[in-house]
Amino acid sequence: MARDTLAIVDDDTLRTLESVLSCLSVAVVALDRAARVVAGNRAFSHLQIQNGVSPAAGGEFIALLRSEDHGVFYAALEQAAGKTRAGFSALSRGACGLDIALTLWREDYFIVEVIARQGPSVAQSDTESYSQIPLRSIFDSSGTGLALVSLDGRWLRANGVICSLLGYSEAQLQNTTFMALTHAEDREVGKQLIDELKRGERPGATLHKRCIRRDGRVVWVRLTVGLVRDDQGQPICFVSQLEDITENWQLRETLMGSELKFLTLAENSPNIIVRYDRNLLRTYVNPTFLLLTGMSYDQSIGASPGEDAGDYLNHLQHVVATGETAQFLDSWTFADSTESLSCAVSLMAERSHTGEVVGVLALAHDITELRKQQVLEDARLGIFEKMSTGAPLEETLGLLVGYLQLALPHRSCRVQLGTGTVMNQASAVGWSEPIVDKQGHILGTFELSQSPGTGPDESDMLRVRQTCHIAAIAIERWRSESLLRERERRYRDIFDHTLDMLCLLEMTEVGCLRCVEVNPALLRALGKAHADVIGEPLEPIFGRLSAQKIQALCEQCTSAGRVVEFDEGMMLRNEVRQLHFTLVPVADSGRVAPQILVISRDITLLTRARQKELGRQHDISALVENSPDAIARLSAHGEVLYVNAQLRKWVGGAWPELMGMPMDAVAPLNHQSQLFRELVAQVIQENKATEQEFFLSGLKAAPKVVLIHFVPEVDGQRVVSVLAVGRDISKLRAAERRLANSNAQLRDLSTRRETAREEERKLIAREIHDELGQHLTALRMGISLLRFQFGASTPELTPQVERLMVLTDKTIQVVRDVSTSLRPSALNLGLVSGLEWLTTEFVSLTRVPCVLHLPLIPLTLPDTHATAAFRIVQESLTNIARYAEATQVSVTLSPQETHWLLEVQDNGKGFDPDAVTRQTLGLAGMRERGLMLGGKVIIFSHPGQGTTVQAFIPMHKDTY
């Protein structure tokens, strides 16, 4: 192996080795692969000092040995490197005999045990001939095994100790070799020493080997070999001393194995392991102790627990004093931390071979998480206890928040219900988990904070989900209990405030009934106090006869297990009242005695009302039967349920066959019957009355025009039947037709009269304009001629002539105005020219802008229609000038598909057309003119929103 390679030892390994080695009483040292000292205990340091070697770390182990034993050491080191325990004997630099054993540890280190023998080894001094040695006396008297072995390994002589040790006789040994009885793995051990012995480089050699007994057992021996030489110094044979060290070697191996096992277990144990000496100073601590306490190795070793250790220190002192094992629970808080550590501690005394307590082994199992789990489980049990005792929801949710704070102390949390109520305010929320019931409805959320850049781990999310599940159970339980309490309160309110008389009866063992509970309505009806009724039998409460009947019906109700109802007259406060009794068996598996709830309702008024209703129904039936209208009731499926006398009279002898027949079979398949069925279906679907006229033929009487009203008959929200009421309006429709003919004749007469008036106006206007205008013009010309003929000779005549000229001009203008008012001459050129003249005159007279919109296509209308349209516009503009106070007027003539639309619109103050009195003939005249044209006039107006007059004039010539 390379000696110049120095292994780098980390601090943790060094501290571990030092702490373990310090617990051993024999000299033990740890070497690296280069055979340099890594760590040693005090016994080894003392051995180094005795042999003049400085006990410094990093020194070579061979510095303790004589140079002659260096080869044996390296041979044993090679054997131990092959994971085989190796051992040999050697002399120290101070000539002290040493037994050395080497064991490989952690692939990189050797644990070396060094046992110093008392007194130096005595080397073989003489090389006398074996013939001169008194062998028999030596062999026989020696207490150890002695043998002479030839140079080739044959047994020459052996005393009884050797024979007993190996199980062979001397003769049997002489027939074999020493190497044949050596263990196969140890045959190469000591070869280098023997060679050096033969070469005279060493006086003797001590080895540890395993030999095979005759019975096959293996024994460990300490072999001390010397060489016998002749006078010339040539080797003759070996003299060997064998000592049985099997028991000691096994004890040493057991001790070393135990120490190594302890070291391995302690180094890898999750529990705290500490060793104390008798002065309660720590001699060893494992890495778990350093990890959980936060202390360094130097701070731990050689120190004792502080005064603040309290009970722990008292238990240590008790174990040292009594040697008794102590087991207890202990907790402590680390410095600069709020977290606490809980452990289950066991203190065991370590004793010497004499039984004296030399130290304490402390084993502490970390139960912090277990305690936390126990605390959390206790908190959960507390929550369930609160839930089982009906604690308020706020308290339960507060406990759940506290439970989460215990489980997740590094997070702040709060719970928020669906109503928005926050049960516990916390810091900024990082993530949330919904509270979901069995149906998947979200009842609320648990919100938890988190550090920036970090998210919840699986354990946190699992804990929160478990808490959400408990919260969902609590909320659902609270809702159920609240609903139950609300129902109980509601039932109690109903029980106390209902107008029905309620009584709870219980069957006794002897078969009698007694009162368990009554409501105030029954107490008021009986005129008794609550205490006078509770626990009493029926007879004092209801009377003998009624009690007997109630008893019998209660027995029937109990045996049949069903509701029983009956009516009974009963004397209440000296008045006979008609009561309706309902007996309901109360199902309660927890009760032995059956109970019956008796519900009694005073139906006296209802009975009287029913009698009155029957009388009223009789009256209504008489009214319907004698009604002049035909009445039929139809089911929702279209079947005839009822017909009255009038309808039977109309249909004659076929009416009995109508009852129960569908409408399809009653009415013929024509348009009217189809409309009738559709209207019935519409009323059933829409639950809305309607009416329609029908022409009925094929009746026994003459054909009729009938107005049928369809009225739905409703039961709650559902239409169950339709009442069809038919009224004969034949005479009414005939009178309407006669009135329409009369109106048509009047309108025709009016049209002719208006046409005649327009023709007369036209004629008068033409006569005035032509005849009178010509005469006035000739008169003006004659007056003007007078001025020219006589003005110069008669100056006083000139003013008179001028006055006559002015008067004549005014007369001419009056003639023109009268002619225009009767019929504007522009109207003779057509409606367009008339509208242009009319709008121009309107603007000049009123100073109100008026826009005229005319069509692009030519307009062809009869003179009567053009005149009527002109008069409509003229009346509209006159009304605007008088009443509208408008600032903008428009007149529009536009073609439509079948008619011309003439529209006059203003932005004036408007009016309510319905409020116009009958004395206002202008609007009525416009509507009549529209009807005369074969069209219509529509007036739109509303106060503050202006007025629009629309006249629809037929466009086709066949309508003129």
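The values are calculated or read from the model by the stated rules, or taken from the named source; none is laboratory data. In this text the structure is predicted, and so the values were computed from the model without any measurement. Note that each Cβ is placed from the backbone with ideal geometry, even for glycine, and that neighbours are counted across all protein chains shown.
So which of 352, 388 ends up being hydroxyl-bearing (Ser, Thr, Tyr), assigned by TED's automatic domain parsing to the domain that holds residue 323 and modelled with pLDDT under 85? Can you show your working first?
On the way: 388 fails: assigned by TED's automatic domain parsing to the domain that holds residue 323.
Selected residue: 352, the only one of 352, 388 that is hydroxyl-bearing (Ser, Thr, Tyr), assigned by TED's automatic domain parsing to the domain that holds residue 323 and modelled with pLDDT under 85.
May I ask you to say which residue of 717, 682 is polar (S, T, N, Q) and modelled with pLDDT under 85? Before the answer, list the steps.
Values: 682 fails: modelled with pLDDT under 85.
Checking each option against the conditions leaves just 717.
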Under 9 Å between Cβ atoms, at least 6 apart or on separate chains: pull out the pairs that start in region 931-960 with a residue that is assigned to a loop (DSSP other than H, G, I, E, B) and hydrophobic (A, V, I, L, M, F, W, C) and end on any residue that is surrounded by fewer than 18 Cβ atoms within 10 Å (Cβ to Cβ) and at pLDDT 85 or above. 933/954; 955/895; 955/896
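Identify the residue in region 195-231 that is of a type in the set (D, E, K, R) and in contact with a strand residue (DSSP E or B) (Cβ under 7 Å, 6 or more places away or on another chain) and, among all such residues, is nearest to residue 95 (Cα to Cα). So that I can check it myself, show each step before the final result.
If we filter region 195-231 for residues that are of a type in the set (D, E, K, R), which is where we start, we get 195-196, 198-199, 201-202, 209-210, 213-215, 217, 222, 229-231.
Next, only the ones that are in contact with a strand residue (DSSP E or B) (Cβ under 7 Å, 6 or more places away or on another chain) stay: 198, 209-210, 213, 222, 229-230.
Values: 198: 21, 209: 22, 210: 26, 213: 33, 222: 18, 229: 24, 230: 27 Å.
Filtering first and then ranking leaves 222.
One line per residue, one yes/no per condition, for (1) touching a Leu at 6+ places or on another chain (Cβ under 6 Å); (2) exposed (fewer than 13 other Cβ atoms within 10 Å of the Cβ); (3) touching a residue at least 24 places away in the same chain (Cβ under 8 Å); (4) not in a strand (DSSP E or B):
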{"position": "558", "(1), (2), (3), (4)": "no, no, yes, yes"}
{"position": "578", "(1), (2), (3), (4)": "no, no, yes, no"}
{"position": "585", "(1), (2), (3), (4)": "no, no, yes, no"}
{"position": "593", "(1), (2), (3), (4)": "no, yes, yes, yes"}
{"position": "611", "(1), (2), (3), (4)": "no, yes, no, yes"}
{"position": "621", "(1), (2), (3), (4)": "no, yes, no, yes"}
{"position": "634", "(1), (2), (3), (4)": "no, no, yes, no"}
{"position": "647", "(1), (2), (3), (4)": "no, no, yes, yes"}
{"position": "650", "(1), (2), (3), (4)": "yes, no, yes, yes"}
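Pick out the one residue from 486, 509 that is out of contact with any Ser or Thr (no Cβ under 6 Å at 6 or more places or on another chain) and closer than 30 Å to residue 401 by Cα.
On the way: 509 fails: closer than 30 Å to residue 401 by Cα.
Sole residue among the options that is out of contact with any Ser or Thr (no Cβ under 6 Å at 6 or more places or on another chain) and closer than 30 Å to residue 401 by Cα: 486.
Every residue, every condition in (1) of a type outside the set (Asp, Glu); (2) closer than 23 Å to residue 372 by Cβ, yes or no:
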position	(1), (2)
288	yes, yes
293	yes, yes
300	yes, no
327	yes, yes
330	no, yes
341	yes, yes
Got a number for residues in region 551-582 being touching an Asp or Glu at 6+ places or on another chain (Cβ under 9 Å) and among the aromatic types (Phe, Trp, Tyr)? 1
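Report whether or not residue 30 is under 30 Å from residue 352 (Cβ atoms), modelled with pLDDT under 85 and not acidic (Asp, Glu). Write out each step before concluding.
Numbers: under 30 Å from residue 352 (Cβ atoms): yes; modelled with pLDDT under 85: no; not acidic (Asp, Glu): yes.
For residue 30, the condition - under 30 Å from residue 352 (Cβ atoms), modelled with pLDDT under 85 and not acidic (Asp, Glu) - is not met.
If you check residue 381 against the conditions, is it farther than 18 Å from residue 460 by Cα and not in a helix (DSSP H, G or I)? Spell out how you get there, then give the answer.
On the way: farther than 18 Å from residue 460 by Cα: yes; not in a helix (DSSP H, G or I): no.
Here the answer is no, as residue 381 does not meet what is asked.
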Would a scan of region 50-71 turn up a residue that is surrounded by 15 or more Cβ atoms within 10 Å (Cβ to Cβ), farther than 23 Å from residue 106 by Cβ and polar (S, T, N, Q)? yes
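Would you pick out the residues in region 340-369 that are without any contact (Cβ under 8 Å) to a residue 24 or more places away in the chain and either under 21 Å from residue 313 (Cβ atoms) or within 46 Å of the chain's Cα centre (by Cα) (or both)? Before you say what the answer is, go through the steps one by one.
First pass over region 340-369, keeping only residues without any contact (Cβ under 8 Å) to a residue 24 or more places away in the chain: 344, 346, 352-356, 369.
Residues satisfying the conditions are 344, 346, 369.
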Inside region 906-960, can you point out the residues that are farther than 23 Å from residue 842 by Cβ, modelled with pLDDT of 85 or more and either buried (at least 18 other Cβ atoms within 10 Å of the Cβ) or basic (Lys, Arg) (or both)? 936
Residues in region 736-753: is at least one within 23 Å of residue 671 (Cβ to Cβ) and modelled with pLDDT of 70 or more? yes
Residue 882: within 17 Å of residue 943 (Cα to Cα), surrounded by fewer than 16 Cβ atoms within 10 Å (Cβ to Cβ) and not aromatic (Phe, Trp, Tyr), yes or no? yes
Complete set of residues in region 623-632 that are closer than 14 Å to residue 706 by Cβ and not in a loop (DSSP other than H, G, I, E, B): 630, 631, 632
Of (1) modelled with pLDDT under 55; (2) surrounded by 14 or more Cβ atoms within 10 Å (Cβ to Cβ); (3) over 30 Å from residue 41 (Cβ atoms), residue 167 satisfies every one except (1)
Looking at this structure, is residue 800 closer than 20 Å to residue 953 by Cα and assigned to a helix (DSSP H, G or I)? no
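With 534, 541 as the choices, which residue is surrounded by 12 or more Cβ atoms within 10 Å (Cβ to Cβ), assigned by TED's automatic domain parsing to the domain that holds residue 593 and in a loop (DSSP other than H, G, I, E, B)?
Values: 541 fails: in a loop (DSSP other than H, G, I, E, B).
Of the residues listed, the single one that is surrounded by 12 or more Cβ atoms within 10 Å (Cβ to Cβ), assigned by TED's automatic domain parsing to the domain that holds residue 593 and in a loop (DSSP other than H, G, I, E, B) is 534.
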Name the single residue that is nearest to residue 178 (Cα to Cα) among those in region 202-231 being at pLDDT below 85 and of a type in the set (Asp, Glu). 230
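In this structure, does residue 155 turn out to be farther than 21 Å from residue 102 by Cβ, modelled with pLDDT of 85 or more, surrounded by 17 or more Cβ atoms within 10 Å (Cβ to Cβ) and not assigned by TED's automatic domain parsing to the domain that holds residue 76? Step through it out loud before you land on a result.
Details: farther than 21 Å from residue 102 by Cβ: yes; modelled with pLDDT of 85 or more: yes; surrounded by 17 or more Cβ atoms within 10 Å (Cβ to Cβ): yes; not assigned by TED's automatic domain parsing to the domain that holds residue 76: yes.
When the stated conditions are applied, residue 155 passes them.
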Would you point out the residue of region 468-477, among those that are of a type outside the set (Gly, Ala, Ser) and either farther than 17 Å from residue 445 by Cβ or touching an Asp or Glu at 6+ places or on another chain (Cβ under 8 Å) (or both), that is surrounded by the most Cβ atoms within 10 Å (Cβ to Cβ)? 468
